[in-house]
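Written out below as structure tokens is the structure these notes cover.
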Amino acid sequence: MNVTVFGATGAIGSLTVNELIANGHTVTAYARNAAKIPASWGDKVRVVIGEITDQTKIDQAIAGADAVISALGPAMDRKAQGTPLIEGTQYIFDAMKTHKVARFIGHATPAVLDPQEKPTFTTRLATFLPRTFMPRAYEEITGMCRIIMDSDRDWTIVRFLAPKHTPKQDRVRVGFFGTDKIGFPVSRADIAAFTAAQIDDGTYLRRAPAVSN
């Protein structure tokens with residue numbers, strides 16, 4: 001498939017691009033800074049440089065895509081201002097509708113509940129901490145997910161708690177809080193591999209599975 005990846009040069013985004021390439025997909029990488037594009041991608045990846053609030057560039061990146069992945073997440077810098085990812089997410093979904101792209105995979109934390117999930121201690125903690133200590137980031141991630149979940153697209157939101165820079169594991173836990181045993185740490189490589197695999201897997205359509213090691 002032709003897959004457009006937003007946040008493509010981030011820690012998880014770049015690993016996701018690598019997984020997609022390895023799986024035989026054609027990738028368009030959307031990034032803010034051309035200097036962060038890995039040399040290893042060479043001519044295997046089409047690159048579009050732009051801000052996440054640049055509606056025209058976002059539209060160009062999505063034109064011709066079969067699916068969209070967003071590895072975007074709120075800035076953890078307390079000095080950050082505004083909620084540009086909410087605006088950008090709306091532009092992504094507007095472009096998907098324009099170009100008739102149905103499949104979307106995004107990222108979030110358990111501060112966002114799966115539609116069929118009830119709050120647990122873990123999800124309450126994952127909500128209380130950012131809402132109390134990083135309210136801007138909390139507003140941004142919940143605002144992004146509201147746009148995704150309210151859309152008519154075939155979305156999946158991959159949730160995780162404590163991403164680590166560790167190798168891919170042989171076994172990854174996938175499920176939902178309150179019914180499945182989900183841990184805290186998970187390797188970024190496993191998040192990327194699971195995210196890339198959702199492109200042609202309909203198991204979690206309009207669901208928000210959590211992953212952990």
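Would you check if residue 89 is part of a helix (DSSP H, G or I), touching a strand residue (DSSP E or B) at 6+ places or on another chain (Cβ under 6 Å) and open to solvent by less than 20 Å² (accessible area, probe 1.4 Å)? Taking the combined requirement at face value, the residue does not satisfy it. Can you name the residue in region 107-131 that is more than 15 Å from residue 211 (Cβ to Cβ) and in contact (Cβ under 8 Å) with a residue 60 or more places away in the chain and, of all such residues, is nearest to the chain's Cα centre (by Cα)? Residue satisfying both the conditions and the ranking: 113. All conditions but one from (1) at pLDDT 95 or above; (2) touching an Asp or Glu at 6+ places or on another chain (Cβ under 8 Å) apply to residue 107; the one that does not is (2).
The single condition among (1) touching a Ser or Thr at 6+ places or on another chain (Cβ under 9 Å); (2) open to solvent by 30 Å² or more (accessible area, probe 1.4 Å) that residue 3 does not satisfy is (2).
Please verify whether residue 101 is surrounded by 19 or more Cβ atoms within 10 Å (Cβ to Cβ) and not in a helix (DSSP H, G or I), treating the condition exactly as stated. For residue 101, the condition - surrounded by 19 or more Cβ atoms within 10 Å (Cβ to Cβ) and not in a helix (DSSP H, G or I) - is met.
Here's the yes/no breakdown for (1) under 16 Å from residue 73 (Cβ atoms); (2) out of contact with any Cys (no Cβ under 6 Å at 6 or more places or on another chain); (3) open to solvent by less than 40 Å² (accessible area, probe 1.4 Å):
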residue: 132; (1), (2), (3): no, yes, no
residue: 142; (1), (2), (3): yes, yes, yes
residue: 161; (1), (2), (3): yes, yes, no
residue: 176; (1), (2), (3): no, yes, yes
residue: 185; (1), (2), (3): no, yes, no
residue: 189; (1), (2), (3): no, yes, yes
residue: 196; (1), (2), (3): no, yes, yes
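Pairs needed: first member in region 18-31, more than 12 Å from residue 198 (Cα to Cα); second member anywhere, of a type in the set (D, E, K, R) and open to solvent by 10 Å² or more (accessible area, probe 1.4 Å); C-beta distance under 6 Å; at least 6 residues apart or different chains. Short answer, once both residue conditions are applied: 21/44; 28/46.
The values are calculated or read from the model by the stated rules, or taken from the named source; none is laboratory data. What you see is a predicted model; the values in this text were computed from it and never measured. Every residue, glycine among them, receives a Cβ derived from its backbone with ideal geometry; neighbour counts consider all protein chains shown. Ligands, DNA and RNA are stripped out before the accessible areas are found, and what is left, the full protein with its side chains, is counted by its heavy atoms. Shrake-Rupley method; radii C 1.70, N 1.55, O 1.52, S 1.80 Å.
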